[in-house]
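To start, the structure under review is shown below, and the notes come after it.
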Amino acid sequence: MSISQGLSTSQDVIVVKFQAENRQQVIKELGKRAAEKKYVQPEFVADVLSREENFPTGLEMQIPIALPHIGTHCNQSFLSLAILESPVAFNAMDGSGNVLNAELVFLFGITNPDDQVEVLKKFIFAFRERANLEKLKAAENPEMALEVLKGLLTDDLIID
């Protein structure tokens with residue numbers, strides 16, 4: 001199954017070698033970039049931060065990732081990415097209370113609630129192999145990261 005509306009993205013919403021002190025800083029930076037592209041409204045970031053406290057999004061993969069997301073205040077479904085210089089703590093999505101040191105953070109917004117599970121499944125499938133995560137981590141600039149994402153998420157990405 002495909003995502004009904006696709007995820008808009010661009011080099012403008014990808015940050016490489018980002019140095020952040022905490023998850024809030026990563027979410028704010030990615031949210032700011034999404035707002036500049038008009039993917040979201042200004043209230044989006046506060047909603048994501050609030051959701052993250054109640055429904056954590058850290059995911060234990062061979063390289064830990066985080067998938068903060070929400071559907072409110074989105075003008076269109078989108079995907080943004082931070083490749084972190086140093087890992088940042090995110091609470092585990094599985095409810096275990098574990099803290100994961102995420103190295104990649106994918107912030108996305110979904111305008112069609114029915115797409116949320118499908119998007120999460122696609123991410124888990126695409127990044128179950130360490131080699132895919134390593135390729136993304138090795139990206140030296142947003143253009144390289146975008147090429148890797150296009151290869152992994154194919155038809156579900158809309159490049160602006």
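The values are calculated or read from the model by the stated rules, or taken from the named source; none is laboratory data. The structure displayed is predicted, hence computed values, not measured ones. A quick note on method: Cβ atoms are made from the backbone with ideal geometry, for glycine too, and the neighbour counts reach across all protein chains shown.
I'd like the residue in segment 125-160 that is more than 14 Å from the chain's Cα centre (by Cα), in a loop (DSSP other than H, G, I, E, B) and not basic (Lys, Arg) and, out of all such residues, is nearest to GLY109 (Cα to Cα).
ASP160
Which of (1) among the aromatic types (Phe, Trp, Tyr); (2) out of contact with any Lys or Arg (no Cβ under 7 Å at 6 or more places or on another chain); (3) at pLDDT 95 or above does PHE125 not meet, given it meets every other one?
Single failed check for PHE125: (3).
State yes or no: is ASP155 over 24 Å from LYS32 (Cβ atoms) and among the acidic types (Asp, Glu)?
yes
I'd like the full set of residues that are in contact with a helix residue (DSSP H, G or I) (Cβ under 8 Å, 6 or more places away or on another chain), closer than 16 Å to GLU143 by Cα and buried (at least 22 other Cβ atoms within 10 Å of the Cβ), limited to segment 1-14.
If the condition is that a residue be in contact with a helix residue (DSSP H, G or I) (Cβ under 8 Å, 6 or more places away or on another chain), closer than 16 Å to GLU143 by Cα and buried (at least 22 other Cβ atoms within 10 Å of the Cβ), then THR9, VAL13, ILE14 are the ones that fit.
Check off (1) at positive phi; (2) of a type outside the set (A, V, I, L, M, F, W, C); (3) crowded, with 21+ Cβ neighbours inside 10 Å for PRO56 and give me the number that stays unchecked.
The failed condition is (1).
Got at least one residue in segment 65-72 being out of contact with any Gly (no Cβ under 9 Å at 6 or more places or on another chain) and assigned to a strand (DSSP E or B)?
No, segment 65-72 contains no residue that is out of contact with any Gly (no Cβ under 9 Å at 6 or more places or on another chain) and assigned to a strand (DSSP E or B).
Given SER50, SER77, which one is closer than 19 Å to GLY31 by Cα, buried (at least 22 other Cβ atoms within 10 Å of the Cβ), of a type in the set (S, T, N, Q) and modelled with pLDDT of 90 or more?
Answer to the selection: SER77.
Would you call ILE159 of a type in the set (Val, Ile, Thr), in contact with a helix residue (DSSP H, G or I) (Cβ under 9 Å, 6 or more places away or on another chain) and crowded, with 19+ Cβ neighbours inside 10 Å?
no
Is it fair to say LEU100 is in contact with a Phe, Trp or Tyr (Cβ under 6 Å, 6 or more places away or on another chain), part of a helix (DSSP H, G or I) and within 23 Å of ASN22 (Cα to Cα)?
It is false that LEU100 is in contact with a Phe, Trp or Tyr (Cβ under 6 Å, 6 or more places away or on another chain), part of a helix (DSSP H, G or I) and within 23 Å of ASN22 (Cα to Cα).
Could you tell me which residue of segment 111-132 is surrounded by the fewest Cβ atoms within 10 Å (Cβ to Cβ), considering only residues that are out of contact with any helix residue (DSSP H, G or I) (no Cβ under 9 Å at 6 or more places or on another chain) and among the aliphatic types (A, V, I, L, M)?
Among those residues, the one meeting the criterion is ALA131.
Among the residues of segment 49-64, write down those that are over 27 Å from LYS135 (Cα atoms) and in a helix (DSSP H, G or I).
Selection gives LEU49, SER50, ARG51, GLU53, ASN54.
Just checking, which of PHE90, PHE108 is crowded, with 17+ Cβ neighbours inside 10 Å, part of a strand (DSSP E or B) and at pLDDT below 95?
Step by step, each of PHE90, PHE108 is checked, and only PHE108 is crowded, with 17+ Cβ neighbours inside 10 Å, part of a strand (DSSP E or B) and at pLDDT below 95.
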